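Read the structure below first, then the notes.
The values are calculated or read from the model by the stated rules, or taken from the named source; none is laboratory data. None of these values were measured; they are calculated from a predicted model. Cβ atoms come from the backbone with ideal geometry, glycine included; neighbour counts cover every protein chain shown. In case anyone asks, the SASA skips ligands and DNA or RNA and just uses the protein heavy atoms, side chains included. Shrake-Rupley method; radii C 1.70, N 1.55, O 1.52, S 1.80 Å.
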Amino acid sequence: MNNIIFFGPPGAGKGTQAKLISEDLSLSHLSTGEILRKKILEKDALAIKLKEIMSSGKLVSDDILNSIVLSRLSNESNKGFILDGYPRTLAQSEYLNNFLENSGNRINYIFNIKLSFEILKNRILKRSSEESREDDKIEVIQTRYSEYKNTTEKVSNFYKKTQSHIFYEIDGSQQIHEITKNIKKILKKS
């Protein structure tokens, strides 16, 4: 059983790689972005609040994300999973580590997809024209990237220091199939 976390700035390809690897290894792919976008479609009070937060580029609160992820992980933790977009804050990583410890699980691989802001911006603008996502506007991209640099990158660096034996840096400027090939090579090697 494998439990994997994907890190990287918005638009780095975390979701694409997580989806491809989850299909290859038959693991559940828990994408917080996807879960939150589905929740917004429910149009209840929480959905309206989430839409406002996400369309501004800000991060959803730890409490909301922790409860969403915990409910999903409780069902998936015996089968293996891939986390994409979680944990984004040090508090979320602490929550996740406690959950894993209490359930007798652990993270086996952490992949950090590195990408420059310029390439990332162009990718997101291209994705926006193809998928019409509300959170893919230039101002929102800049806010999301700043949020990433100020919060999620600290989480990634924390894992890099404390879990260096399972932490792998991936060059996100490569073609999708090259990135996938590099990740699969790491997975097969260990």
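The residues of region 168-185 that are surrounded by 14 or more Cβ atoms within 10 Å (Cβ to Cβ) and part of a helix (DSSP H, G or I), listed by number, are 179, 180, 182, 183, 184. Scanning region 19-29 for residues that are surrounded by 12 or more Cβ atoms within 10 Å (Cβ to Cβ) and in contact with a strand residue (DSSP E or B) (Cβ under 9 Å, 6 or more places away or on another chain) yields 19, 21, 22, 25, 27, 28, 29.
Quick grid of which residues meet (1) surrounded by fewer than 17 Cβ atoms within 10 Å (Cβ to Cβ); (2) in contact (Cβ under 8 Å) with a residue 12 or more places away in the chain:
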position	(1), (2)
86	no, yes
92	no, yes
97	yes, no
102	yes, no
106	yes, yes
109	no, yes
119	yes, yes
122	yes, no
127	yes, yes
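Number of residues in region 60-79 that are part of a loop (DSSP other than H, G, I, E, B), farther than 18 Å from residue 28 by Cβ, open to solvent by 50 Å² or more (accessible area, probe 1.4 Å) and not small (Gly, Ala, Ser): the value is 0. The set of residues in region 30-58 that are touching a residue at least 60 places away in the same chain (Cβ under 8 Å) and open to solvent by less than 50 Å² (accessible area, probe 1.4 Å) comprises 54, 55, 56, 57. Checked against the criteria, residue 163 does not count as on the phi < 0 side of the Ramachandran plot, out of contact with any Gly (no Cβ under 6 Å at 6 or more places or on another chain) and without any contact (Cβ under 8 Å) to a residue 24 or more places away in the chain.
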